[in-house]
Amino acid sequence: MHSSYPGGASVSAGASVTILKALFDESYVIPNPVVPDPQDPTKLIPYEGPPLTVGGELNKLATNIGLGRDSAGIHWRTDAAASLALGEAIAIGILKDEKLTFREKFEGFTFTKFDETKVTI
């Protein structure tokens, strides 16, 4: 017997990515990204497409962790989506608690949630 919700990997990914987005500039554009060459996967070629940002790549990473478990038949897509939100909520609680421990004046953590809502803690 295995419960489907919550997906532990997705909860962990949601929490980890949320904290990383709070600590780093998620709007930073990744310079000179590369992708595998379709003709020869042992070589890399310049990426051509919309700009890749730290926040966008972190969101993709968290989503892919959940989707990988879905593809394996361990969870459903709805489990992954709800588990990412659960991990995000846990991380927000941790960040709120952490902010209270700072001795210096601190403007707060600002980041974009998975639902595209901007928040400052």
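The fraction of accessible area contributed by carbon and sulfur in the chain is 60 percent, rounded to a whole number (1.4 Å probe; ligands and nucleic acids excluded).
In summary, the aspartates and glutamates within cross-link reach of residue 118, defined as a Cα separation below 16 angstrom excluding same-chain residues under 8 places away, comprise 25, 26, 88, 107.
The sum of -39500 (n - 2.57) across all DSSP H runs of n ≥ 4, divided by the residue count of the chain, sets its helix-only mean residue ellipticity at 222 nm to -16000 deg cm²/dmol. Computed over the chain, relative contact order equals 36 percent, with contacts defined as Cα pairs under 8 Å that lie 6+ residues apart. Only lysines eight or more places from residue 60 in sequence, or on another chain, were considered; those with a Cα closer than 16 Å are 21, 113.
Here the peptides 99-112, 8-21 are ranked by packing, the mean other Cβ count within 10 Å, and the order with the highest first is 8-21, 99-112. A simple packing score, the average count of other Cβ atoms within 10 Å per residue, orders the peptides 29-39, 54-64 as 54-64, 29-39, with the highest score first.
The values are calculated or read from the model by the stated rules, or taken from the named source; none is laboratory data. Treat the numbers as computed from the prediction; the structure is a model and nothing was measured. For neighbour counting, all protein chains shown are included, and Cβ atoms are generated from backbone atoms with ideal geometry for every residue, glycine included. Note: accessible area is taken over every heavy atom of the protein model, side chains too, but ligands, DNA and RNA are not part of it. Shrake-Rupley method; radii C 1.70, N 1.55, O 1.52, S 1.80 Å.
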